[in-house]
Amino acid sequence: MFLAGCGPKDSGEEYPVEIETVDGVKSISNPDFPKQGTLHYSMEEELSIGVMEGDEEYMLNRPINVEVSDDGTIYVLDMGDVCIKVYDENGAYLRTVGQQGQGPGEFGYHIYTALSSDDRIFIMDSVNRRIFSMDIYGKYINGFRVEGFHREMKTDDENRMFFAKHIQETATADLPVTKDFQEVEVVNQIIRCNPDGSEQFVLGEFEGEKTNIKRIDKVSTLSTGSEYNIVWEVSREGMLYEGLNDEYKIHVFSADGTKVRTFSREYEPVTQEIIRDGEVVDKRVMPAFDPRKGWLFDGEGNLWVAFYSEKDDENVYDVFSPEGIYIKQVIVPHRIYEFYKGKAYSIVTSEEGFRQVKRFKLVNPEGTG
């Protein structure tokens, strides 16, 4: 184990990263502070899609995700209208793809999407338990059935498909049950396959190792809420970055499933207040990662890891180099869904209460992009 000489910004001192290689797997341990420090970025708006009234093509009912293809085309998953609305790089409406249903090119209410590098849209339809692909105009290409509950989907530049599969949930007598919570064992997998569903195999290392927690509400029904979640992302080269948020450690696997490195940082967990009727009734220590916001890569291949914030009006990201060095912490006013050509895409609720897709230029405190 040794200290890597990566100098902090403007300090002249070595950045104390500990690096160790065991059985071919490199382990990078970062301190609790980033190499370049914490930066509060402002977000200068360049583009806005979404109106309260006017042309229906620009009215977004409930957008929940935005993706940008290699040519700048913007795909908005609108689950209020159960469709994908497509706009060009300047925000001009192009077409609507898909609709609610069970036929070819149709999908249920709970879906995930991913774009390929060869003008296809992959759809994971968790309601109808299938994954299929369409061209960018909505024409059905092919698909395959899946069993169990599936969530999240990614693709790489080779158009390999990655998805998370929840395959088992059991409650056993030796797991504790309290007034509010019951622990249940779960089995989660991340699977890589071809677009037609062939050559499926499991990546990652957290299958069945942890427990989820189900909250029992006041009318004695169960609503799923997990204490520990697998958070993951796939690079354009097909590298899987995966972490279980009971600790701040990220594991990296090659496309063939070989583990190549892990990286981590020291951290102090964030404590959030639980408020009822305007009063603080409890405090909760949050896990290492914020699974609601997930991870994403920027144009330089850096991994942005969403970290919990004590404030509702800020979004905190820890930014790591592809090799696992903790470069900087970035705080911005809006959640970032996508990067394209150095710009950030977000879904923002307006003062009037409707949601819009916006493109921003990130500006750091020194005034540069």
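The values are calculated or read from the model by the stated rules, or taken from the named source; none is laboratory data. Just so we're clear, the structure is a prediction, and the values are computed from it rather than from any experiment. All Cβ positions, even for glycine, are placed from backbone atoms using ideal geometry, and neighbour counts span all protein chains on display.
Tabulated data
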item: Residue count, the range 53-85 (criterion: more than 21 Å from the chain's Cα centre (by Cα) and on the phi < 0 side of the Ramachandran plot); result: 10
item: Whichever residue in the range 278-294 is of a type in the set (A, V, I, L, M) and modelled with pLDDT of 85 or more and, among such residues, is nearest to Asn245 (Cα to Cα); result: Ala288
item: Filter pass, Asp78 being without any contact (Cβ under 8 Å) to a residue 24 or more places away in the chain, touching a strand residue (DSSP E or B) at 6+ places or on another chain (Cβ under 7 Å) and closer than 21 Å to Glu338 by Cα; result: yes
item: In the range 207-250, the residues that are modelled with pLDDT under 85, part of a loop (DSSP other than H, G, I, E, B) and within 20 Å of Ala306 (Cα to Cα); result: Gly225, Ser226, Glu227, Tyr228, Asn229, Asn245, Asp246
item: When residues of the range 13-30 are limited to those that are surrounded by fewer than 14 Cβ atoms within 10 Å (Cβ to Cβ), of a type in the set (D, E, K, R) and in contact with a strand residue (DSSP E or B) (Cβ under 8 Å, 6 or more places away or on another chain), the one farthest from Tyr248 (Cα to Cα); result: Glu14
item: Residues (part of a loop (DSSP other than H, G, I, E, B), among the acidic types (Asp, Glu) and without any contact (Cβ under 8 Å) to a residue 12 or more places away in the chain) located in the range 259-294; result: Asp277
item: Residue within the range 58-66 that is assigned to a strand (DSSP E or B), at pLDDT 95 or above and closer than 20 Å to Lys361 by Cβ present; result: yes
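For every residue, the table says whether it meets (1) part of a strand (DSSP E or B); (2) at pLDDT below 85; (3) in contact with a Gly (Cβ under 8 Å, 6 or more places away or on another chain); (4) surrounded by fewer than 16 Cβ atoms within 10 Å (Cβ to Cβ).
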{"site": "Leu296", "(1), (2), (3), (4)": "yes, no, no, no"}
{"site": "Gly299", "(1), (2), (3), (4)": "no, no, yes, yes"}
{"site": "Asp313", "(1), (2), (3), (4)": "no, yes, no, yes"}
{"site": "Ile327", "(1), (2), (3), (4)": "yes, no, no, no"}
{"site": "Val330", "(1), (2), (3), (4)": "yes, no, no, no"}
{"site": "Arg335", "(1), (2), (3), (4)": "no, no, no, no"}
{"site": "Tyr345", "(1), (2), (3), (4)": "yes, no, no, no"}
